[in-house]
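**Q** I'd like to ask some things about the structure below.
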Amino acid sequence: MLRPLLWLMDLIINHFFTTVSTIKFFLYSLFEVSPDIISLSFFTALSGTIARMNMEREYWVFLISGIPANRILKNFVIFAIVFIIIEFWLCFFVSPSAMYKRKLLLNQAQLDEPMKFFRSKSIITDFPGLSIYIKKIQQKDFCDIILSYKQASELVCIVNAKRARLMFDNRGYLFLFLQNGFFEIHSLKTQQTILKTFFDFYSFPLPFQKTVQNLPQRKLKEMNLLMLLDTMRADKEKSEIILVILKKLFFTILPLFYLILGFFTGIGIRAKSNLQILATGLFIGISSYLIILFGEGLVYWTKNSYSFLMVPLIFICLTIIVRRKFSHVT
């Protein structure tokens, strides 16, 4: 979440970002990392529950009463299945969509960048040869705007409009779309109004050009499951697509590994406080991502996408080791 926060600070300082855009940016960033949050939440909650039962001797009461650990573990299986279903939906649909929508938001922020020139109740002189005064700005609409510029050496042109909005033409030139106003030409020499014309709509060009950007293309990690399958059928280079699918599938079944690891971690840590439980969960969570990074590095080293299967194999070995280590208390 730190990376989106830094991006947001840059957008607020260097771009025009409204309150609605800010809320959308944070929501998209939250949904992007939601698969990580959900799986770690499940692990921390499970290990914390067992650790608390262990700390208060409830777990040992179950064992003494003839209720084995495997029976207790089965009661958590239904939660693991629910989290697997949620993870599948988040990994293959919600998170990719949030990534792409955030990219569209950033792209729109770049298109809206000229808005940073405009400020309420101040004279704007950022455009050469032109002075602009705006009484009020509501979202992207200007209320009561006055434009003034010289024409030749003795004429001053004034454009006054009730409302206006910034727009781009198909060549990337910026213009103001003015509504309900009038156009005046004054003579500095005679101090008289030469021309006054009222208008309903008027396009006023500004000396600013920006390259018009097309909608950004989706990267593989920004595609949902259906898009990935379609791309795989059409693309001959399938290695990166297979890696993305395998990684998402692993995150989908991660609660199953966390079910075993969380249960026996809760038995083994002998926690005395919730802070210790949280620290253990964070440590195992960070270790999990290091293993995932190792799997990705292995893929790029071997040039084989199926090398990522080493990651679930490592987790299977870890669950077996942890299960055997605490078999004497089950």
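Please treat every number below as a calculation from the coordinates, not as lab data. Predicted model only: the values in this text are computed from it and were never measured. So basically every Cβ, Gly included, is an ideal-geometry build from the backbone, and we count neighbours across all protein chains shown.
**Q** Could you give the alpha-carbon Rg of the chain over 2.2 N^0.38 Å, rounded to two decimals? Each step should come with its number before you reach the end.
**A** Values: Rg = 30.4 Å, N = 330, 2.2 N^0.38 = 19.9 Å.
With N residues counted in the chain, Rg over 2.2 N^0.38 Å equals 1.53.
**Q** When the chain is treated as a GNM, springs tying every alpha-carbon pair under 10 Å, which of Gly181, Gly285, Gly266 comes out with the largest mean-square fluctuation?
**A** Gly181
**Q** Now for a separate question. Round to the nearest 0.05 the FRET efficiency obtained for Leu298 and Thr197 when R0 = 41 Å and r is the Cβ-Cβ distance. Present the calculation step by step, with values, prior to reporting the outcome.
**A** Numbers: r = 72 Å, r/R0 = 1.76.
That gives a FRET efficiency of 0.05.
**Q** Using 30 Å as the Cα-Cα cut-off, could you pick out the over-long pairs in Lys101/Lys238; Lys248/Lys272; Lys24/Lys74; Lys272/Lys325; Lys24/Lys135? Before the final figure, lay out each step's value.
**A** Details: Lys101/Lys238 25 Å; Lys248/Lys272 35 Å; Lys24/Lys74 40 Å; Lys272/Lys325 21 Å; Lys24/Lys135 28 Å.
Listed pairs above 30 Å: Lys248/Lys272; Lys24/Lys74.
**Q** Two decimals, Cα atoms only, Kirkwood Rh: what is Rg/Rh over the range 273-330? List each step's numbers first, then the result.
**A** On the way: Rg = 14.7 Å, Rh = 13.1 Å.
Taking Rg over the Kirkwood Rh, I get 1.12.
**Q** Looking only at Cα atoms, what is the convex hull volume of the range 221-314 per residue, in Å³? Working shown, then result.
**A** Working: hull volume 9.8 nm³, N = 94.
Convex hull volume per residue, Cα atoms: 104 Å³.
**Q** Roughly how many debye, to the nearest 20, is the charge dipole of the chain about its Cα centre, given +1 on each Lys and Arg Cβ, -1 on each Asp and Glu Cβ, and no other charges? Don't jump to the answer; show the numbers that get you there.
**A** Numbers: 37 positive and 21 negative charges, 95 e Å.
Here the size comes out at about 460 debye.
**Q** Restricting to Cα pairs below 8 Å that are 6+ residues apart, what does the relative contact order work out to for the range 128-207? Please round to a whole percent. Walk me through the numbers on the way to the answer.
**A** Values: 183 pairs, mean separation 18.1, N = 80.
Computed over the range 128-207, the figure is 23 percent.
**Q** Write out the trypsin sites (Lys or Arg not before Pro) in the range 156-255 meeting two conditions: DSSP loop, and at most 11 other Cβ atoms within 10 Å of their Cβ.
**A** Working: sites: Lys162, Arg163, Arg165, Arg171, Lys189, Lys196, Lys210, Arg218, Lys219, Lys221, Arg233, Lys236, Lys238, Lys247, Lys248; in loops: Arg171, Lys189, Lys210, Arg218, Lys219, Lys236, Lys238.
Listed in order of number, the matching sites are Arg171, Lys189, Lys236.
**Q** With loop defined by DSSP as not H, G, I, E or B, and exposure as at most 13 other Cβ atoms within 10 Å, which is the longest segment of the chain clear of exposed GluC sites (Glu not before Pro)? Before the final figure, lay out each step's value.
**A** Numbers: sites that count: Glu56, Glu154, Glu237.
The longest such stretch corresponds to 57-153.
**Q** Continuing with the same structure: Of Thr197, Thr22, Thr319, which has the largest mean-square fluctuation in a 10 Å C-alpha GNM of the chain?
**A** Thr197
**Q** Which residue, chosen from Gln179, Leu155, Thr193, occupies the Cα position most advanced towards the positive end of the dipole of the range 128-207, where the dipole is computed from +1 (Lys, Arg) and -1 (Asp, Glu) charges on Cβ about the Cα centre?
**A** The residue sitting farthest along the positive end of the dipole is Gln179.
**Q** So, one more: What net charge do the residues around Asn160 carry, taking every other residue with its C-beta under 15 Å from that of Asn160, with Lys and Arg at +1 and Asp and Glu at -1?
**A** Numbers: positive: Lys135, Lys136, Lys162, Arg163, Lys196; negative: Asp144, Glu184, Asp200.
Charge balance near Asn160 sits at +2.
**Q** Residue by residue, what Karplus-based ³J(HN,Hα) values in Hz, rounded to whole numbers, does the range 76-81 have, using 6.51, -1.76 and 1.60 with θ = phi - 60° and x for Gly and Pro?
**A** 8, 4, 4, 5, 4, 5
**Q** With springs only between Cα atoms under 10 Å apart, run a GNM on the chain and tell me which of Leu246, Leu226, Leu195 wobbles the most.
**A** Leu195
**Q** Out of every Cα-Cα pair in the range 128-207, what percent are more than 18 Å apart?
**A** Details: 1388 of 3160 pairs.
Considering the range 128-207, 44 percent of its Cα-Cα pairs are separated by more than 18 Å.
**Q** Any idea what angle helix 225-234 forms with the longest principal axis of the chain, computed on alpha-carbon atoms, 0 to 90 degrees, nearest 10?
**A** 80 degrees
**Q** Enumerate the calculated ³J(HN,Hα) couplings along the range 44-56 in order (Karplus 6.51 cos²θ - 1.76 cosθ + 1.60, θ = phi - 60°), each rounded to whole Hz, writing x wherever the residue is Gly or Pro.
**A** Calculated HN-Hα couplings, in order: 5, 5, 5, 5, x, 5, 5, 4, 5, 4, 5, 5, 9 Hz.
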